[in-house]
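Below is one structure, written out as structure tokens; comments come after it.
The values are calculated or read from the model by the stated rules, or taken from the named source; none is laboratory data. Please read these numbers as outputs of a predicted model, since none were measured by experiment. When we count neighbours, we look across all protein chains shown, and the Cβ atoms used for this are built from the backbone with ideal geometry, even at glycine. When the accessible area is computed, the model is the full protein with side chains, heavy atoms only, and any ligands, DNA or RNA have been set aside. Shrake-Rupley method; radii C 1.70, N 1.55, O 1.52, S 1.80 Å.
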Amino acid sequence: MKIGIIGSGTMGSGIAQVAATSGCNVKLYDTNQDALDKAERALEKILARLIEKGRIDNDEKHRIQSNITYVNSLKDLKDSDLTIEAIVENLDIKKKVFSELEGYVSQQCIIASNTSSLSIASIAASLQRPERCIGIHFFNPAPLMKLVEVIPAVQTSDSVLDETVKIISDWKKTVAIAKDTPGFIVNRVARPFYGESLRIYEEGIADFATIDWSLKTVGGFRMGPFELMDFIGNDVNYTVTETVFEAFYYDARYKPSFTQKRLSEAGYLGRKSGKGYYQYDESGKPIGVLNGTSSAVEKSLAEQIFDRVLVMLINEAADALFLNIASAEDIDNAMTKGVNYPKGLLAWADEKGIDWCVDEMDKLYNEYHEDRYRCSPLLRRMKRQSKTFF
């Protein structure tokens, strides 16, 4: 199969590696020759490390490299069976590229976007044949992360959806099919992990380090929310939050945080700037917390923090199922394989008990009387009917 990748940044290069490893002939396109050269050098280093770790041998390294051609003309993608765009998150730019690309590729070529938050329907509308357009959202780093969200637009044909799922599955990825709504599955359901943790901090309940410690120690998360936001970049994470908030017509559940906005405005972006919620040395190792560290944390406080963040995550996952964003299985797969959550949120709800979920949400709403804390109708219905998700 012939694959065209548009954009040779970290994501585009990672997708190219995945496709090439699976035996596809890949053309990686970028207008910037220096970016292409950088991508080629980066792949050389990645494959060399895989040899050192015993994951591949030298023959496999050369096979993967020989499957990728680096090109700087969009016309070079004309013989592609599938093209995946991985460029800047700007709808106008994506539409322009898609419209030009359609003039070169065959009628049968699937044209996909790796967007994490933009409307697939809007992107598809730039094409003469919008039924060939679909969202294929990889997670970073693409070669390592198992999950790929596949998002059909309202225009996407059933055959294109079926073919796309088959291709991505053949690349040994776990596919989660999501409705074309803001944030799809992961970037929608994960908002409370960041937003509610920021709210807890802003209320003075605990500092960054304490909240991170609570989520990792009590909840088993690999990274705390503030560590993760520093890793992602405060500017990137804030922009996604703001985009989802606006796209949902300013629903209070997705309201951004002034704390994160101010840090982003100050240039405290996290690891890449040397300072975020934590401070970092030149190697990116944390050397302290921006607002100081806590002493010993009481177990009750740690559990209180974890329970509050968890129930907000569960409520968001339940609402995604209620609104048919994805199946229960795909929602849980998305969170465990897309962002490495220790458990699927809906399975976690069954474990904690649906009654507990409803009661905890009601406690929050009764305290704050904010729409942010409204309980999902699905959880209330399940409580009445004594049902579980699985």
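Maximal additional length on extending the residue 239-residue 282 stretch stands at 12.9 nm, based on 0.36 nm per residue less the C-alpha distance. Distance from the C-alpha centroid of the stretch 135-214 to that of the stretch 336-372: 18 Å, rounded to the whole angstrom. Scaled against the 2.2 N^0.38 Å expected of a compact globular protein of N residues, the Cα radius of gyration of the chain reads 1.03.
Counting only alpha carbon atoms, the long axis of helix 10-21 and the longest principal axis of the chain meet at about 60°.
Judged by the gyration tensor of its Cα atoms, with axes a ≥ b ≥ c, the stretch 41-97 is prolate; a/c meets the 1.5 cut and a/b is the larger of a/b and b/c. In the chain, the DSSP-assigned H stretches of four residues or longer account for a calculated mean residue ellipticity at 222 nm of -15000 deg cm²/dmol, using -39500 (n - 2.57) per stretch and the full residue count as denominator. Label-to-label distance for residue 166 and residue 89 is 3.3 nm, based on points extended 7 Å past Cα in the beta-carbon direction.
Between 0 and 90 degrees, the angle of helix 208-217 with respect to the longest Cα principal axis of the chain falls at about 80 degrees. Expressed as a whole percent, the accessible surface of the chain that belongs to carbon and sulfur atoms is 49, based on a 1.4 Å probe. Packing here is the average count of other Cβ atoms within 10 Å per residue, and on that basis the peptides 180-193, 364-377, 71-84, highest first, run 180-193, 71-84, 364-377. Our summary gives the chain a relative contact order of 12 percent, counting only alpha carbon pairs under 8 angstrom and 6 or more residues apart. Model label points for residue 33 and residue 63, set 7 angstrom from Cα along the Cα-to-Cβ axis, are 3.3 nm apart.
With both residues required to sit in the chain, DSSP beta bridges show an antiparallel share near 30%. Subtracting the Cα-Cα distance of residue 368 and residue 53 from 0.36 nm times their residue separation leaves 108.2 nm of extension gain. Size check on the stretch 296-390: the Cα extents along the three principal axes, sorted descending, read 39, 29, 23 Å.
Go ahead and run the numbers for FRET between residue 72 and residue 106, Cβ-Cβ distance against an R0 of 25 Å, rounding to 0.05.
Working from the Cβ atoms, E equals 0.75.
A Förster radius of 51 Å, combined with the Cβ-Cβ distance separating residue 41 from residue 388, puts the computed FRET efficiency at roughly 0.50.
On average, how much accessible surface per residue is there in the chain, in Å², for a 1.4 Å probe, leaving out ligands, DNA and RNA? The partial results should precede the final answer.
On the way: 17620 Å² over 390 residues.
Heavy-atom SASA per residue in the chain reads 45 Å².
Apply the Debye scattering formula to the stretch 23-167, with a single equal point scatterer on each alpha-carbon and no solvent, then give log10 I(q)/I(0) at q = 0.11, 0.12, 0.19, 0.22 Å⁻¹. Values, matching the q order: -0.45, -0.54, -1.23, -1.48.
Rounded to the nearest 20, the Cβ-based charge dipole of the chain about its Cα centre (Lys and Arg +1, Asp and Glu -1) stands at 360 debye. Going toward the positive end of the dipole of the stretch 64-192, with +1 on Lys and Arg Cβ and -1 on Asp and Glu Cβ, which of 93, 185, 104 do you reach last? With unit charges placed on the Cβ atoms, the residue in question is 185. Relative to the longest principal axis of the Cα atoms of the chain, helix 191-202 runs at roughly 40 degrees. Starting from the Cα gyration tensor of the stretch 149-214, take the square roots of the eigenvalues, sort them a ≥ b ≥ c, and report rounded, prolate or oblate (rounded when a/c is under 1.5, otherwise prolate if a/b is larger than b/c, else oblate). Oblate. The overall shape of the stretch 1-56 is oblate: from the C-alpha gyration tensor, with semi-axes ordered a ≥ b ≥ c, the ratio a/c is 1.5 or greater and a/b is no larger than b/c.
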